[in-house]
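Computed from the coordinates by the stated procedures, all read-outs in this text should not be read as laboratory data. Quick caveat: nothing in here was measured; it's all calculated off a predicted structure. Cβ placement follows ideal geometry from the backbone for every residue including glycine, while neighbour counts extend to all protein chains displayed.
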Amino acid sequence: MVKYDPKSARAEEFIHHGEILDTLTYAAENKSNRALIKRLLTRAADCKGLSHRDAAVLLECDQPDLNEKIFHLARKIKEELYGQRIVLFAPLYLSNYCINSCVYCPYHAKNKNIRRVKLTQEEIRREVIALQDMGHKRLALETGEDPVHNPIEYVLESIRTIYGIKHKNGAIRRVNVNIAATTVENYRKLKEAGIGTYILFQETYHRENYEKLHPAGPKHDYAWHTEAMDRAMEGGIDDVGCGVLFGLNMYRYDFVGLLMHAEHLEARMGVGPHTISVPRIRPADDIDPAAFTNAIDDEIFAKLVAVIRLAVPYTGMIVSTRESEESRARVLDLGISQISGGSCTSVGGYDHREKPEENSAQFEVNDTRTLDEVIHWLLTLGYVPSFCTACYRAGRTGDRFMSLCKTGQIKNCCLPNALLTLKEYLEDYASPDTDAMGEAVVSEQLSQIPSPSIREKAETYLAKIHQGERDFRF
């Protein structure tokens with residue numbers, strides 16, 4: 001008989017179906033248990049996190065006043081640990097060739113309508129220059145799974161190309177990678193290539209439904225996919241990013257599975273996920289979201305974000321341009337620490353010299369604003385847009401990063417680094433309105449840096465950036 005064991009290397013034991021069902025039953029039975037819910041909120045306020053079972057109770061809570069306390073505490077923890085910083089990135093799609101048959105993705109092998117594209121290294125160079133000209137400093141590489149068209153050697157060559165491109169004052173300083181589950185050897189190669197975070201969405205943790213959603217191709221193997229983060233960390237990648245695609249399966253089940261996965265990585269590998277993403281299914285070529293009956297509304301989505309923030313307070317949370325401006329605005333202060341901006345989900349979509357007539361996008365973007373419009377919006381809302389990549393480049397990854405977070409020492413790095421990268425954006429790329437607003441925010445936020453010596457050094461770096469120098473960091 002399979003037993004639940006968060007330290008196990010086997011997917012069926014650390015994502016244990018029976019434990020999830022028991023957890024959901026327990027949560028349903030205690031959704032009105034005010035005494036228990038209050039105790040859980042008191043525990044969460046210490047920023048020590050919550051177990052998957054405790055978090056499930058908060059997600060199920062049906063008491064309006066206590067739900068408001070959940071949202072209030074999520075905002076408080078977000079403010080305490082992350083301040084007003086929001087990190088920005090963009091996806092870069094290299095190829096949409098794929099041999100899988102995922103029923104929710106237009107890249108699936110049987111789709112004959114989508115325009116299949118694979119970028120050459122010269123086309124990648126043009127895409128990256130277009131992204132640099134927007135102001136981006138960090139990218140997330142995306143590609144379908146196809147050992148012929150998209151072998152690991154192609155991904156590695158593309159990473160070398162990207163890091164080698166210096167255009168005007170632009171440079172990509174961090175490349176995160178979202179590719180299919182692979183071997184320890186290949187993860188080691190990605191680490192040696194200098195990637196930041198390895199990202200892989202589980203889509204759903206319900207094994208039976210997972211196999212139905214992935215009827216053919218390598219991704220059909222649930223265990224191989226679910227155990228990928230362990231192999232990545234065994235290959236030396238300190239920072240991994242998890243996520244599910246909400247709308248494919250019952251959200252409560254996947255919520256619990258997601259937190260169990262985080263607990264497993266902490267128990268077995270010594271550090272949990274660096275980030276958790278919360279995408280919702282979107283329309284795409286050959287894909288109708290109405291075919292999936294598990295869609296979640298904005299209220300549930302906001303509560304998912306809030307409770308995840310309480311459960312894993314030190315884990316970054318990402319929301320993409322799948323979400324609308326309104327939806328993103330609501331969840332920013334509930335726990336989100338990273339967002340994409342000015343995104344394109346088509347292969348070759350940033351360099352407009354050869355705009356494809358046929359669609360090659362993975363999904364429809366909901367927030368279609370330019371990066372400058374997103375930056376201006378964040379500033380208007382009181383946030384500090386950040387393009388910081390300092391922790392990765394200084395070796396502050398994995399358990400070292402988490403230990404700095406938990407002791408509060410990271411605050412003397414994050415805010416000044418955010419201000420330095422924002423200043424670079426304002427000097428090189430911002431519209432006049434964004435520049436004026438951003439300069440006011442930089443001046444105001446300087447006083448919030450805890451260490452006087454760090455604050456003084458930041459002022460010196462800001463002056464040098466204004467004089468034309470670049471790439472200072474703490």
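Counting only strands (runs of 3 or more DSSP E) that fall entirely inside the range 236-345 and contain at least 2 residues that are within 23 Å of K406 (Cβ to Cβ) and in contact with a strand residue (DSSP E or B) (Cβ under 7 Å, 6 or more places away or on another chain), the qualifying elements are 240-243, 275-277, 316-319.
Scanning the range 401-449 for residues that are in contact with a Phe, Trp or Tyr (Cβ under 8 Å, 6 or more places away or on another chain) and among the β-branched types (V, I, T), which turns out nearest to I172 (Cα to Cα)? Here the residue is T421. Of the residues making up the range 127-144, those that are of a type in the set (D, E, K, R) and either crowded, with 18+ Cβ neighbours inside 10 Å or part of a loop (DSSP other than H, G, I, E, B) (or both) are E127, K137, R138, E142.
Against the definition (farther than 20 Å from T321 by Cβ, out of contact with any Cys (no Cβ under 6 Å at 6 or more places or on another chain) and either of a type in the set (D, E) or surrounded by 20 or more Cβ atoms within 10 Å (Cβ to Cβ) (or both)), how does T421 come out, yes or no? Taking the combined requirement at face value, the residue does not satisfy it. Out of all the residues in the range 199-226, which are assigned to a loop (DSSP other than H, G, I, E, B) and either buried (at least 20 other Cβ atoms within 10 Å of the Cβ) or free of Cβ contacts under 8 Å to residues at least 60 places away in the same chain (or both)? Hits for the range 199-226 are L200, Q202, T204, Y205, H206, H214, D221. Restricting the search to the range 436-474, which residues are within 11 Å of L419 (Cα to Cα) and in contact with a His (Cβ under 9 Å, 6 or more places away or on another chain)? Passing the criteria: only G438.
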